[in-house]
Amino acid sequence: MALWIPTLSRKAAPKKKAASHGTALTVLFGSNMGTAEELARSIAEAGEAQGFTTTLASLDDQAGKLLAEGAVAIVCASYNGGPPDNAGAFLKSLREAEPGSLKGVRYTVFGCGNRDWASTYQAIPRQLDELLAEKGAERIYARGEGDAKEDLDGHFQAWNEPLLPALAEKLGVKLEPDGTAPHEPLYQVQAVDKPPANLLIGGAGALPMRVLVNRELQNAAKSERSTRHIEVLLPDGVSYRAGDHLSIVPQNGAALVERAIRRFGFVPGAHVMLAAAEGRRAALPVGEAVAVHRLLSDFVELQLPATRKQIQTLAQHTRCPFTRPKLESLLDEEHFRSEILAKRTSVLDLLELYPACELPFAAFLEMLPLMTPRYYSISSSPIADGTRCSITAAVVAGPARSGSGVYEGVCTGHLARQAAGGTVQAFVKETKVGFRLPVDPAAPIVMIGPGTGVAPFRGFLRERAALKAQGRSLGAAMLFFGCRHPEQDFIYADELAEHARAGIVDLHVAFSRHDGKKTYVQDLLKDQADRVRVLIEQGAIVYVCGDGGRMEPDVKRALAAIHGEAGVAKLAADNRYVLDVWAGS
């Protein structure tokens, strides 16, 4: 029984990939959140289609192994001014390499960053670029910079489009003159009706973890927002330390998936089998039956803002003389920023808005980024909680800026739907930034974490309470927590108050929407300047968790007023000013 077989565009038959000339192209990435890896993958795929022999790997996989063959393209991010988890060993090997040892290596670098972190913007990509040159490698294409705060994809495309022709010229390789024409599609899709294979959700060793608790932390009667406390049971052999992250592999919501299924005309329960083009990299499951719902739910990102390249592809698959100009108009810079970036308009949104577009399902799959894990600070302690591990997640949900229904955070929505007894796919990710309690519990600490930024500090306090119960002596601890209103979103209020009464922590709470005042954690830091200064002079570690765009810079300025800018810089250098921050929305 044939259900539905997506067809190719009715345009001219697509070109096959260029004949291989065998020139090596090594594409390396340093990526915590998957963005740099996705960009690196696109370089590797384009190089492959142009006849290069490509290698795609993390930077650490090639630490000390760079070869003087072909070219090396590096895409790397920074993480709080340090290297991503899979780039540290590579950076260390570069620093330790002898001058001239990389002679013959030809390279280029593209950096992913966010100007919200002005002091560390592009820190690691710049270091990589400078160290490679310092050790004798040849820069054969200028370093590029992408700013996620503004338009990362636009910056990358502007850097990437001339990349392969420039590399080919430097390497003496002749590319086919029509190399920019469409190539053979990566995927062919065949409809089938046999049961799906039992596919595991991929991703860095993710394992099924049973949900033990999923409860609301905010006062539902007085707050329209939602913050969930979620506890899972760790599988045998999986452990963590306070300060680590729990990485969740999410699923797209059913309503979002159904929108895509309807748009491409699949009947309910449809299954397909993918076959990859010869010689092409395929990250989606090929050669076995898989439910269309499962494919769209588990493997691809469906609601990221459309990129210029994706919009170009949509226009190329549109014959309607009225629709195609409308799609092409979105490529105008001002139009793109106002209609796509500002509204977070996705490819699926555009397909629904422009039904005359004849994009095949296979092309839709090829253009979508792969689903990536989301990282949450663990809010429990193995000493206090054993094999139970908790996270604290602020649920993102509201009317979509694009006008297409409700926008729901992929992972927070997924987590909010998980009832006790359900299962999530997850893995523990060890923190690499020194976000740990001191080895000696008698050492003083200062913790600053508004909103869900309190999560790791809840784990710290539970651990300190357990250590105190064991008879250990505790050093002074201050916690600066911020929320909107004491009767709305003062999460873990009872627990924190109990820890304060027990002498585990000196608690200071800032309310930004209470009694007509707007008080933030940095304001309380200033109020407690003398006490904070004393603890820092006694060797305290200062931890900051939460929004890195606004809160952390404000906190840093408050600390500089207390301890001096040079003093704060020295704290950071000594790993006593430790961050676990993310980009604000």
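For every residue, the table says whether it meets (1) acidic (Asp, Glu); (2) part of a helix (DSSP H, G or I); (3) surrounded by fewer than 16 Cβ atoms within 10 Å (Cβ to Cβ).
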| site | (1), (2), (3) |
| --- | --- |
| 496 | no, yes, no |
| 504 | no, no, no |
| 507 | no, no, no |
| 519 | no, no, no |
| 522 | no, yes, no |
| 525 | no, yes, no |
| 534 | no, yes, yes |
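Return the residues of the stretch 272-327 that are touching a strand residue (DSSP E or B) at 6+ places or on another chain (Cβ under 7 Å) and either assigned to a strand (DSSP E or B) or among the hydroxyl-bearing types (Ser, Thr, Tyr) (or both); say none if nothing qualifies. Listed by number, the residues that qualify are 272, 273, 274, 275, 276, 289, 290, 291, 300, 305. When residue 452 is tested against the conditions (1) in contact with a Lys or Arg (Cβ under 9 Å, 6 or more places away or on another chain); (2) assigned by TED's automatic domain parsing to the domain that holds residue 552; (3) among the β-branched types (Val, Ile, Thr), the lone failure is (1). Does at least one position in the stretch 101-109 carry a residue that is part of a strand (DSSP E or B) and closer than 30 Å to residue 332 by Cα? Checking the stretch 101-109: at least one residue is part of a strand (DSSP E or B) and closer than 30 Å to residue 332 by Cα. Among residues of the stretch 153-165 that are in contact (Cβ under 8 Å) with a residue 60 or more places away in the chain, those with a Cβ under 7 angstrom from a residue that is of a type in the set (Lys, Arg), sequence gap 6+ or separate chain, pair up as 153/308; 154/308; 157/308; 157/309. When you look at residue 338, is it free of Cβ contacts under 8 Å to residues at least 40 places away in the same chain, within 22 Å of residue 155 (Cβ to Cβ) and not assigned by TED's automatic domain parsing to the domain that holds residue 578, yes or no? For residue 338, the condition - free of Cβ contacts under 8 Å to residues at least 40 places away in the same chain, within 22 Å of residue 155 (Cβ to Cβ) and not assigned by TED's automatic domain parsing to the domain that holds residue 578 - is met. For the stretch 365-420, the tally of residues that are of a type in the set (A, V, I, L, M, F, W, C), farther than 13 Å from residue 230 by Cβ and not in a loop (DSSP other than H, G, I, E, B) stands at 8.
So that you can scan it fast, the table gives a plain yes or no per residue for (1) in contact with a Phe, Trp or Tyr (Cβ under 8 Å, 6 or more places away or on another chain); (2) over 30 Å from residue 450 (Cβ atoms):
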residue: 296; (1), (2): no, yes
residue: 314; (1), (2): yes, yes
residue: 333; (1), (2): no, yes
residue: 336; (1), (2): no, yes
residue: 360; (1), (2): no, yes
residue: 370; (1), (2): yes, yes
residue: 383; (1), (2): no, no
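A count restricted to the stretch 36-64 and to residues that are without any contact (Cβ under 8 Å) to a residue 60 or more places away in the chain and on the phi > 0 side of the Ramachandran plot stands at 1.
In the set 384, 363, 393, 397, only one residue is in contact with a Pro (Cβ under 7 Å, 6 or more places away or on another chain), among the small types (Gly, Ala, Ser) and touching a residue at least 60 places away in the same chain (Cβ under 8 Å); that residue is 363. Of all residues in the stretch 515-544, those satisfying the criterion of being at pLDDT 95 or above and either touching a Phe, Trp or Tyr at 6+ places or on another chain (Cβ under 7 Å) or outside the structural domain of residue 456 (by TED's automatic domain parsing) (or both) are 521, 524, 525, 542, 543.
Checked against the criterion of being surrounded by 20 or more Cβ atoms within 10 Å (Cβ to Cβ) and of a type in the set (Lys, Arg), the candidates 259, 294, 263, 308 yield just one match: 259. Confirm whether residue 88 is in contact with a helix residue (DSSP H, G or I) (Cβ under 6 Å, 6 or more places away or on another chain), of a type outside the set (A, V, I, L, M) and assigned by TED's automatic domain parsing to the domain that holds residue 103. When the stated conditions are applied, residue 88 does not pass them.
Quick grid of which residues meet (1) surrounded by 16 or more Cβ atoms within 10 Å (Cβ to Cβ); (2) modelled with pLDDT of 95 or more; (3) of a type in the set (A, V, I, L, M); (4) closer than 24 Å to residue 151 by Cα:
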position	(1), (2), (3), (4)
342	no, no, yes, yes
347	yes, yes, yes, yes
350	yes, yes, yes, yes
358	yes, yes, no, no
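Any chance the stretch 227-247 includes a residue that's crowded, with 20+ Cβ neighbours inside 10 Å, closer than 29 Å to residue 400 by Cα, within 21 Å of the chain's Cα centre (by Cα) and among the basic types (Lys, Arg)? Checking the stretch 227-247: at least one residue is crowded, with 20+ Cβ neighbours inside 10 Å, closer than 29 Å to residue 400 by Cα, within 21 Å of the chain's Cα centre (by Cα) and among the basic types (Lys, Arg). When the residues of the stretch 10-53 are filtered to those that are among the polar types (S, T, N, Q) and buried (at least 19 other Cβ atoms within 10 Å of the Cβ), the one that is modelled with the highest pLDDT is 26.
The values are calculated or read from the model by the stated rules, or taken from the named source; none is laboratory data. Here the structure is a predicted model, which is why all the values come from computation and not from measurement. FYI the Cβ positions are ideal-geometry reconstructions off the backbone, even for glycines, and counts take in every protein chain you see.
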